[in-house]
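Notes follow once the structure below has been shown.
The values are calculated or read from the model by the stated rules, or taken from the named source; none is laboratory data. Bear in mind the structure is a predicted one, so any value in this text is a computation, not a measurement. Positions of Cβ are backbone-derived with ideal geometry, glycine not excepted, and every protein chain shown enters the neighbour counts. Accessible surface areas use protein heavy atoms only, side chains included; no ligands, DNA or RNA. Shrake-Rupley method; radii C 1.70, N 1.55, O 1.52, S 1.80 Å.
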Amino acid sequence: MIAAVALVIGVVVGLVFRPTVPLWIEPYLPIAVVAALDAVFGGVRAQLDGIFNAKVFVVSFVSNVLVAALIVFMGDKLGVGGQLSTAVVVVLGIRIFGNAAAIRRHLFRA
Amino acid sequence: MIQEPKSAGGAAGSGAADPAGSSNAVRSTWTTALLDDLLTNTLDPGYRAAADAKQRSHPWDQPLVWLGCLAVGLLLVTAYQQNHRSAPAREAANKDLITRIHNLQSAGARMDEQAKTLAAQVAALRDAQLSGAGSAELKNLEIAAGTVAVSGPGVSIEVGEPTQPQPSASSGRDGTGSQQQVSLIHDRQIRSVVNVLWSSGAEAISVNGIRLTATSAIRFAGESILVDFQTISTPYTIQAIGDRDRMLLAFADSPIARALKTAEQVQGISFNFAGRSDLRLGSVTVVQQSYASPGASASIAPGGAAGPSPTTTGGQPSPRGSARTGSGSNATSGGASPSAGKPAASSSPTPSITESHQ
């Protein structure tokens, strides 16, 4: 509950302050968002499973974002940035879907 | 595992392979095990491990989660804003570039116009000074070089891309193909047409209003045809001044005309040609000779056989007889080059071109 409030506060802060993103970060932002979504869905599912752990959540969030950005960065340097972005999105997308399905089963028993 | 594969999600349905009991078939199922793992174990294993380790809760857990969620919200909205704010910026930059291009183009056109006016003044002053035969010879040379606007009878050939886009060969859904269809008319066709016209006695040719000179090149870059480094687009109008009937006959009989006719029927390009009684062709603005310098006057002798004839890749051998002996030594490969042999036009008994200074 408090997490949802924090999420909303984060959104509001972003809307109010409109942080400008440095140009060199811009390519990694979309992939970082997908990684963050993966961490969030994982956290929600762990909460519903009753095994939520704050440290795991934060560490997985930060490392997901960093690793996703790093992969894209390396791909850009190697000339396969687009393909590696696709790979990251596919893997994280599968995980998000799986977690969303588990959350749905928890919530609706279906 | 918490998640029973109930085949509810569909994706996890086939992932019933038991990783524990498959030790004898590890190698064959290794790749599928990887995929199964990806599909079934969507939860970060760290949660389970932490729960099994029975760690005590720390006082900083709650603020940590708080901060994490704050960061996620911030990230989401920042990415959204970035995406939606940078789109108009990109568009504005594009528009700015387009307006700059248009401004420079119009400035270039203005200067072009000015240069033409000045050149006409220079020509008028020179004509006032010169007299008689020298002046007439000079005018003929100017016509051949393309530095004066000319008018006269000739032929006009129009070739255009099909208006209906061709069904592209690339597979995919509708609307996923590139917006720019592959053009059917290339520089080669235009060049062939121009070469046929030169070889059948054209005295001046322009393509989409760009007068061809001895150093003109018709080339292809990307998806557009360049004439003297100026982009032209469909429909392509090739106008030639000369012996109308002979050019029409030669062109109608040429391989390129047959090829274009076929393309018209098969691929739907537009193609027609007709004789015109009064064509007006503009002049080239600046003729810069970087290397050539005036030499012996033999090259401008009437009927002089010196100098190569225009390239005749169009197929028709030059019907001009003695005036066009040397064949096809074309310096600019691919360029339609009337070359230095053009003064031969002045040897025809009745020049069909009348000069018109603008």
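On the stretch given as segment A:64-86, residues that are open to solvent by less than 50 Å² (accessible area, probe 1.4 Å) and under 15 Å from the mean Cα position of the chain (by Cα) total 6. Within segment B:232-259, the set of residues being more than 15 Å from B:Gly152 (Cβ to Cβ), over 23 Å from the mean Cα position of the chain (by Cα), part of a helix (DSSP H, G or I) and not charged (D, E, K, R) comprises B:Leu249, B:Ala250, B:Phe251, B:Ala252, B:Pro255. Of all residues in segment A:65-99, those satisfying the criterion of being facing another protein chain (nearest Cβ under 9 Å) and touching a residue at least 12 places away in the same chain (Cβ under 8 Å) are A:Val65, A:Arg95, A:Ile96, A:Asn99. Every condition in (1) within 13 Å of chain B (Cβ to nearest Cβ); (2) surrounded by 13 or more Cβ atoms within 10 Å (Cβ to Cβ); (3) at pLDDT below 90 holds for A:Arg109 except the one numbered (2).
Counting only residues that are part of a helix (DSSP H, G or I) and either in contact with a Pro (Cβ under 9 Å, 6 or more places away or on another chain) or among the small types (Gly, Ala, Ser) (or both), which one in segment B:48-69 is farthest from A:Gly10 (Cα to Cα)?
Looking at residues that are part of a helix (DSSP H, G or I) and either in contact with a Pro (Cβ under 9 Å, 6 or more places away or on another chain) or among the small types (Gly, Ala, Ser) (or both), I get B:Ala53.
Checked across segment B:66-79, the condition of being open to solvent by 60 Å² or more (accessible area, probe 1.4 Å) and more than 8 Å from chain A (Cβ to nearest Cβ) holds for no residue.
Here's the yes/no breakdown for (1) within 14 Å of chain A (Cβ to nearest Cβ); (2) over 25 Å from B:Ser216 (Cβ atoms); (3) open to solvent by 80 Å² or more (accessible area, probe 1.4 Å); (4) among the aromatic types (Phe, Trp, Tyr):
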residue	(1), (2), (3), (4)
B:Ser86	yes, yes, no, no
B:Ile98	no, yes, yes, no
B:Lys116	no, no, no, no
B:Gln129	no, yes, yes, no
B:Ser135	no, yes, no, no
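Kindly evaluate A:Phe61 against the criterion of being at the interface with another protein chain (Cβ under 9 Å from one of its Cβ atoms), free of Cβ contacts under 8 Å to residues at least 40 places away in the same chain and of a type outside the set (Lys, Arg). Here the answer is yes, as A:Phe61 does meet what is asked. For segment B:179-191, a residue qualifies if it is at pLDDT 90 or above and open to solvent by less than 20 Å² (accessible area, probe 1.4 Å), and exactly one does: B:Ile190. When you check A:Val72 against the structure, is it in a helix (DSSP H, G or I), touching a Ser or Thr at 6+ places or on another chain (Cβ under 8 Å) and closer than 17 Å to A:Ala87 by Cα, yes or no? Considered against the rule, which asks whether it is in a helix (DSSP H, G or I), touching a Ser or Thr at 6+ places or on another chain (Cβ under 8 Å) and closer than 17 Å to A:Ala87 by Cα, A:Val72 comes out as yes.
Say whether the condition of being more than 7 Å from every other protein chain (Cβ to nearest Cβ), open to solvent by less than 60 Å² (accessible area, probe 1.4 Å), among the β-branched types (Val, Ile, Thr) and in contact (Cβ under 8 Å) with a residue 12 or more places away in the chain is met by at least one residue in segment A:28-49. Looking through segment A:28-49, at least one residue is more than 7 Å from every other protein chain (Cβ to nearest Cβ), open to solvent by less than 60 Å² (accessible area, probe 1.4 Å), among the β-branched types (Val, Ile, Thr) and in contact (Cβ under 8 Å) with a residue 12 or more places away in the chain.
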